[in-house]
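Notes follow once the structure below has been shown.
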Amino acid sequence: MKKEQVVNCQFSVWYPLFKKHTIKSLVLPIPQNVIDYLLDDGTLVVSGSENNSSQTQTNNSDSDEEDIQWTDDETTTAVTAPEFPEFKIRVQEAINVLGGCVFPKLNWSAPRDANWIALNSSLQCQSLCDIFLLFKSSDFITHDLTQPFLHCSDDSPDPTINYELVLRKWSELIPGAEFRCFVKENKVIAISQRDYTQHYQHIAKQEDSISSAILEFFRDHIQYQFPDEDFVLDVYRDSSGRVWLIDFNPFGEVTGSLLFTWEELTSGKNLTANQTGMRIPSPCLSYRIPRDFLDLTTGEDAYKLIDFLKLKGQQEEEESDEEGEGP
Ligand SMILES: Nc1ncnc2c1ncn2[C@@H]1O[C@H](COP(=O)(O)OP(=O)(O)OP(=O)(O)O)[C@@H](O)[C@H]1O
Ligand SMILES: [Mg+2]
């Protein structure tokens, strides 16, 4: 994978080209002091905006940094987060234009690994404070900020990145109706259901018509129009059968291969195992591993993990009590 491929998958590069076929979105440049704040893991997200007592603290200083109380150990200190009044207004205006609820991203990634921290356990945001909470808790966001070219094979200097906040109108997407298309030399070589853990019977029944609709969408609107010939395309098929573009990703290991392996995708072997080249989870696979177990092992559901650990603790206590009660 080349650095150029990563650059081309940034939201603000592809969005103007494919605006008509994707969810309405707005892109805002992120000021450097906001990036510094996102990268600083010593401050918690405690907004001063709803709390007037913090106003004096932020108003009498020119620099946001002076408001942060640094600690020299690893403990996180709950200090008032710095304020970014102008940026905050711009973000709030954009959220309002998009209907009041947004899905936030950085140049490439959404904070998918941090949804557990939000009160609603979702990536739906209504304010900059909601966005900060997710971004500061996400390793995917940190990856975008610190190592966007991690798996690139070329030695050229890293291209300069202008970081941007992507706000997408919140859309309730039907589970199972999202698909990832792997495109090599401008041809779709494989399609995988995006949720590789669940078998949806209604999707299985329409497998052929779904893959035809996706291929038609690709041919009519995407093929030869993206700046690369190798890329990964995420699409969504809505309940009326219309296909929408969700995202572009680099063709390489930074992108999840879902129901394929990168070995299959790069070698081209085994890809035409079925007629359509599309894979959905088999019913046996979905039922083989209980969903709870999957959530626990992948860390997808932190609350489940906490419950599980509590239960385990209780069990151990009971067992040691029983031992004590022996004859
Ligand atoms: N506008 C939206 N409203 C609600 N949910 C959304 C929206 N856009 C995307 N999603 C959901 O969030 C998921 C991740 O979105 P997206 O693909 O943009 O993130 P990503 O960080 O690029 O993911 P990946 O690392 O898999 O490429 C999607 O699969 C979809 O379920
Ligand atoms: Mg993506």
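The values are calculated or read from the model by the stated rules, or taken from the named source; none is laboratory data. Not measured: the values here are computed from a predicted model. Here the Cβ is made from the backbone with ideal geometry for all residues, glycine too, and neighbour counts use every protein chain on show. These accessible areas exclude ligands, DNA and RNA; they are computed on the full protein's heavy atoms, side chains included. Shrake-Rupley method; radii C 1.70, N 1.55, O 1.52, S 1.80 Å.
Against the test of being within 10 Å of ligand 1 (Cβ to nearest atom), among the charged types (D, E, K, R), surrounded by 18 or more Cβ atoms within 10 Å (Cβ to Cβ) and assigned to a helix (DSSP H, G or I), the options 144, 130 yield a single qualifying residue, 144.
Restricting attention to the range 230-284, the residues that are closer than 21 Å to residue 12 by Cβ and away from ligand 1 (no atom under 11 Å from the Cβ) total 4.
Assess whether residue 220 counts as being open to solvent by 20 Å² or more (accessible area, probe 1.4 Å) and either assigned by TED's automatic domain parsing to the domain that holds residue 104 or over 15 Å from residue 18 (Cα atoms) (or both). Spelling it out, it is not the case that residue 220 is open to solvent by 20 Å² or more (accessible area, probe 1.4 Å) and either assigned by TED's automatic domain parsing to the domain that holds residue 104 or over 15 Å from residue 18 (Cα atoms) (or both). The set of residues from the range 86-109 being within 17 Å of residue 136 (Cα to Cα), surrounded by fewer than 22 Cβ atoms within 10 Å (Cβ to Cβ) and within 16 Å of ligand 1 (Cβ to nearest atom) comprises just one member, 103. Criterion applied to 5, 69, 92 was being at pLDDT 95 or above and either assigned to a loop (DSSP other than H, G, I, E, B) or not assigned by TED's automatic domain parsing to the domain that holds residue 160 (or both), and the one residue passing it is 5.
Annotation: residue 122 fulfils all but one of (1) free of Cβ contacts under 8 Å to residues at least 24 places away in the same chain; (2) within 15 Å of residue 246 (Cβ to Cβ); (3) among the hydroxyl-bearing types (Ser, Thr, Tyr); the unmet one is (2). For the range 110-121, the candidate set comprises residues that are more than 16 Å from ligand 2 (Cβ to nearest atom) and either assigned to a loop (DSSP other than H, G, I, E, B) or in contact with a strand residue (DSSP E or B) (Cβ under 9 Å, 6 or more places away or on another chain) (or both); within that set, the residue that is least open to solvent (accessible area, probe 1.4 Å) is 118.
In the range 150-160, the qualifying residues are those that are away from ligand 2 (no atom under 16 Å from the Cβ) and either more than 19 Å from residue 3 (Cβ to Cβ) or in contact (Cβ under 8 Å) with a residue 12 or more places away in the chain (or both), and the one that is nearest to the chain's Cα centre (by Cα) is 152. The residues of the range 233-256 that are under 15 Å from the mean Cα position of the chain (by Cα) and modelled with pLDDT of 95 or more, listed by number, are 233, 234, 235, 246, 247, 248, 249, 250, 255, 256. Write out, first by first residue and then by second, each pair whose Cβ atoms fall under 8 Å of each other, whose residues are 6+ apart or on separate chains, and whose first residue, in the range 245-258, is closer than 13 Å to residue 110 by Cβ while the second is in a loop (DSSP other than H, G, I, E, B) and more than 9 Å from ligand 2 (Cβ to nearest atom). Hits for this filter: 246/23. Checked against (1) part of a loop (DSSP other than H, G, I, E, B); (2) over 29 Å from residue 25 (Cα atoms); (3) open to solvent by less than 60 Å² (accessible area, probe 1.4 Å), residue 270 meets all criteria but (3).
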